[in-house]
Structures are given as C-alpha cells and as structure tokens.
Amino acid sequence: METAKSLRVRVWRGGESGYWAEYAVAARDNQTVLDVVTEIQRRHEPSLAYRFACRVGVCGSCAMTVNGQPRWTCRTHVRKVVHDGQLTIEPLRNLPRIKDLVCDLEPFIDTWQRAGAIFQGRSDRNDPPQKVDPESISRKQADAALQCINCGVCYSACDVVYWNRRYLGPAALNRVWTLLNDERHSEHQGTFNKAFSRDGCSSCHSHGNCARFCPVELSPASSIAGLKKMAFRGYKARLAHE
Amino acid sequence: MNEQALFVVQRISAAMLAPMVLVHLALILIAVEGGLSAEEILSRTRDNVGWALFYGVFVVSAAAHAPIGIRNILREWTRLGWKAIDGLAMVVCATLLVLGMSAVIAVF
Ligand code: HEM
Ligand code: SF4
Ligand code: SF4
Ligand code: FES
C-alpha cells in the first residue's frame, strides 16, 4: 500500500541555544510554509512559538528562515522552497532568538529611530491638506519604495547587518529614502544626517540581497544608492526654511 | 571629516585610480621595451616632472581611498570601536603616503 506523501520538517526549538526537532507533516497540493508550522503546532507540538497575524502578506509578522533563506511564510508555497521533501525552519537571522521561531524585533525597530526615519509633518490639523504632485520625480521615487510591510526579511538577508549589528540596514534606509522624497516631511536635513552617520548608508556594499529577498519586491539597495547620490551632490535640504 | 565627506572622497579617489591604474599598467609594458636595468629606467624617469606629478597624484589618491575602505572592513571583521578604527586608518594612510612618496622621489 502506498503511504501518503509527507514532508520532513526540522524546526528550531529553544532560544539562542536549543535543538532541532523533526516532524513528519502531510504534504498537500496547496500548502504554505505557515500552514506547515501551524499544523505542527496544532497536531504535534502545542508549545511551539511562532508569529503570524494576517496570513495574506499584509502584516509582515510571519517572516522566518526557510531552508536557509528569509521568507514571508504565509505567502511562500512549500513546493517553491522544499528540497527533497525537507524543510528546515528557524527564526530570522540577525535578530536575538526568544523562543522557537520567534525572534526579538526590537533591534530592527530601533533602526528606524536611529536612521531618523520618522515622519515629521509641517502642518497641523487646522491646515488644509498639503498638495503633492503625483507626477513629480520625487513623488514617483517615494512611491516606488513605499509598500514596506516591516517584515524584517531584508534585514535578515543583509550580510553587512550580519557582520556589523550597528549597521542601520536596508529597511530603515529605504524608509529614509521615501521621507527625503516627501515634500511634506519637515526634517529632511536631520533625517539625511542621521542616515549618513557612522554605520549608516556608507556601510552598504550594494550587493543587493535585500532587494533579492524583499517579498513585496522593493529595492532597498536602489534606495540606498539614491541616498549615496545625494551625498555626492552635497545634500542640502530643498526647503527654504531648513 | 564626517561620513558623507569620507564617502565622497572614497568614490572620487576610486574614479581617479581607475584610469591611473590603466596608465600605470600600460607604462609598465612600454617601459620593458627599452631594457629593464635600474639605470635604463632611471634615465627615463629622472627629472620628468610630468611623471612625478602623475605618480604623486596616484599615491595621494590611493592613500585617501584605501584607508577609508579599510574602515568598513575593520568594522565588519573586528570588534574595534570607531576611535580605534579611525586611528588604524590614519596609520594606513600615513604608511601609504610615506612609502609611495619616497618611491616617487627616489625615481625623480
Ligand atoms: C582601479 C582602481 C580602483 C577602483 C575603481 C576602486 C573602487 C572601489 C569602490 C567602488 C569601493 C567601494 C566598495 C564597497 O563599498 O562595497 C572600493 C573599496 C575599497 N578599495 Fe578600492 N578601488 C580601486 C583601487 C584600490 C586600490 C589601489 C586600493 C588599495 C591600495 C583599494 C582599496 C580598497 C579598500 C580597502 C576598499 C574597502 C573594501 C570594501 O569596502 O569592500 N582600492 N574601491
Ligand atoms: S545592498 Fe546594502 S542594504 Fe542591501 S543587502 Fe546589500 S549591504 Fe545590505
Ligand atoms: S523592505 Fe521589503 S523585505 Fe524589507 S522590511 Fe520592507 S517589505 Fe520586508
Ligand atoms: S501573516 Fe501577515 S504577512 Fe504573513
């Protein structure tokens, strides 16, 4: 009698130190990596810790390392990443491990602050909405980099982050690029100076792993290249009052 | 110098080094043609202000370019802080300047 096909799944258990647990999970025609993790938690290992929320690629909370590469697990089909019926699932690289598949995102979120990637408006609720020309070059550049879901995949994919944990990393610098192209942002010069300080833009080697793995197909590498060009022109905030 | 200035200096010096390395390689090939003894080479380089200037600029570019690049490598591959890294980069810069300039002067 032919047995139903199954996947051999190795899952990281524990924190910084831990061990690999192996599970056999039924292989199905349509199955995401997150489905596999959920099945393990429901059927085999109720104490397995992992994160997810939307299951449709919007919230950015389900990223893990799958067979050595960072993925958004809810939108990654098993058949796309499986090797010889094997899946190896562990937390994102470059971040402290808390438990099982859950890592501590704080260092990643901190990079937004350190990079000055915080929007600061120049008007208040009594002002009319500011008009932005959708056809302007800066608006188009910002739009191209805008849809980040903060999943941390690029941060995990970046070798410079691996070597130097102080490096601001692709996601925060990509966000800086959108702000510097946003005429409603009031802190252009301050944001630029923070992004180009030590362990900032000039630490990037342009090797493009961030763009290769970003699940929503942004290119932080191109955004950082844009920031580097700004340095070349001797960045001066375009707005008169700064 | 802040990071922005260092970044710009490194890329400008790279842009200068690229053609200069090619000229240097071409010169090596041409120089071999007329014999390779120290005397023969010196006879062509002595009192040649053009080449002294060319190699002077070459040395300065390399002495600016390499230490800035080494900062990133040290940051990635060691646990040194920025102060120590900047200190080491200055040593590399000074070494390249002294070695390079003494070579330029020796053949002038
Ligand atoms: C043909 C001439 C050269 C060009 C076009 C060039 C270009 C570059 C560029 C673009 C970078 C930045 C790489 C990055 O950030 O990822 C770099 C880094 C570097 N360069 Fe050069 N360079 C040249 C010659 C030299 C020479 C002659 C030296 C040594 C004396 C040197 C030493 C370095 C070092 C140590 C780095 C840092 C490596 C890194 O950041 O990955 N370069 N070079
Ligand atoms: S291009 Fe820059 S930010 Fe992107 S992965 Fe490479 S070093 Fe990291
Ligand atoms: S840039 Fe892409 S990979 Fe990086 S956090 Fe945003 S969505 Fe994720
Ligand atoms: S669960 Fe929301 S992006 Fe995957």
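The values are calculated or read from the model by the stated rules, or taken from the named source; none is laboratory data. Just so it is clear, the structure is predicted and the values come from calculations on it, not from any experiment. No Cβ is skipped: glycine too gets one built from the backbone with ideal geometry, and neighbour counts run over all protein chains shown.
Scan region B:55-63 and tell me whether some residue there is within 14 Å of chain A (Cβ to nearest Cβ) and modelled with pLDDT of 95 or more. Show your work before the answer.
From region B:55-63, those within 14 Å of chain A (Cβ to nearest Cβ) are none; that's our starting set.
No.
Give, as residue ranges, the strands (runs of 3 or more DSSP E) completely inside region A:55-110 that count at least 3 residues that are surrounded by 22 or more Cβ atoms within 10 Å (Cβ to Cβ).
Details: elements: A:63-66, A:69-72, A:86-90, A:97-99.
Fully inside region A:55-110 and qualifying: A:63-66, A:69-72.
In contact (Cβ under 8 Å) with a residue 24 or more places away in the chain, of a type in the set (Val, Ile, Thr) and within 21 Å of residue A:96 (Cβ to Cβ): does that describe residue A:216? So that I can check it myself, show each step before the final result.
Values: in contact (Cβ under 8 Å) with a residue 24 or more places away in the chain: yes; of a type in the set (Val, Ile, Thr): yes; within 21 Å of residue A:96 (Cβ to Cβ): no.
For residue A:216, the condition - in contact (Cβ under 8 Å) with a residue 24 or more places away in the chain, of a type in the set (Val, Ile, Thr) and within 21 Å of residue A:96 (Cβ to Cβ) - is not met.
State yes or no: is residue A:95 within 16 Å of ligand 2 (Cβ to nearest atom), touching an Asp or Glu at 6+ places or on another chain (Cβ under 8 Å) and not charged (D, E, K, R)?
On the way: within 16 Å of ligand 2 (Cβ to nearest atom): yes; touching an Asp or Glu at 6+ places or on another chain (Cβ under 8 Å): yes; not charged (D, E, K, R): yes.
So residue A:95 passes the test.
Say we look at region A:124-162 and pick out the residues that are free of Cβ contacts under 8 Å to residues at least 40 places away in the same chain and acidic (Asp, Glu); which of these is surrounded by the most Cβ atoms within 10 Å (Cβ to Cβ)?
Among those that are free of Cβ contacts under 8 Å to residues at least 40 places away in the same chain and acidic (Asp, Glu), it is A:143.
Could you please tell me which pairs satisfy a Cβ distance under 9 Å, a separation of 6+ or placement on different chains, a first residue in region B:1-26 that is within 13 Å of another protein chain (Cβ to nearest Cβ), and a second residue that is among the charged types (D, E, K, R) and in a helix (DSSP H, G or I)?
B:6/B:71; B:7/A:228; B:11/A:228
Among the listed residues A:50, A:23, which satisfies the condition of being crowded, with 17+ Cβ neighbours inside 10 Å, in a loop (DSSP other than H, G, I, E, B) and not assigned by TED's automatic domain parsing to the domain that holds residue A:211?
Numbers: A:23 fails: in a loop (DSSP other than H, G, I, E, B).
None of the other options fit; the residue is A:50.
For the condition in contact with a Gly (Cβ under 6 Å, 6 or more places away or on another chain) and of a type in the set (A, V, I, L, M), what is the one hit in A:180, A:173, A:168? Let's see the steps before the verdict.
Values: A:180 fails: in contact with a Gly (Cβ under 6 Å, 6 or more places away or on another chain); A:173 fails: in contact with a Gly (Cβ under 6 Å, 6 or more places away or on another chain).
So the residue among A:180, A:173, A:168 that is in contact with a Gly (Cβ under 6 Å, 6 or more places away or on another chain) and of a type in the set (A, V, I, L, M) is A:168.
Conditions (1) of a type outside the set (D, E, K, R); (2) more than 30 Å from residue A:131 (Cα to Cα); (3) touching a Cys at 6+ places or on another chain (Cβ under 9 Å), marked per residue:
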residue: A:143; (1), (2), (3): no, no, no
residue: A:147; (1), (2), (3): yes, no, no
residue: A:159; (1), (2), (3): no, yes, no
residue: A:163; (1), (2), (3): yes, yes, no
residue: A:173; (1), (2), (3): yes, no, yes
residue: A:181; (1), (2), (3): yes, no, no
residue: A:187; (1), (2), (3): no, no, no
residue: A:194; (1), (2), (3): no, no, no
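Only one of (1) at pLDDT below 95; (2) closer than 18 Å to residue B:4 by Cα; (3) of a type in the set (S, T, N, Q) fails for residue A:186. Which number is that?
(2)
Among the helices (runs of 4 or more DSSP H) contained in region A:152-239, which hold 2 or more residues that are at the interface with chain B (Cβ under 9 Å from one of its Cβ atoms) and more than 21 Å from residue A:121 (Cβ to Cβ)? Before the answer, list the steps.
Working: elements: A:153-157, A:159-163, A:170-180, A:188-195, A:209-213, A:220-232.
Hits in region A:152-239: A:159-163, A:220-232.
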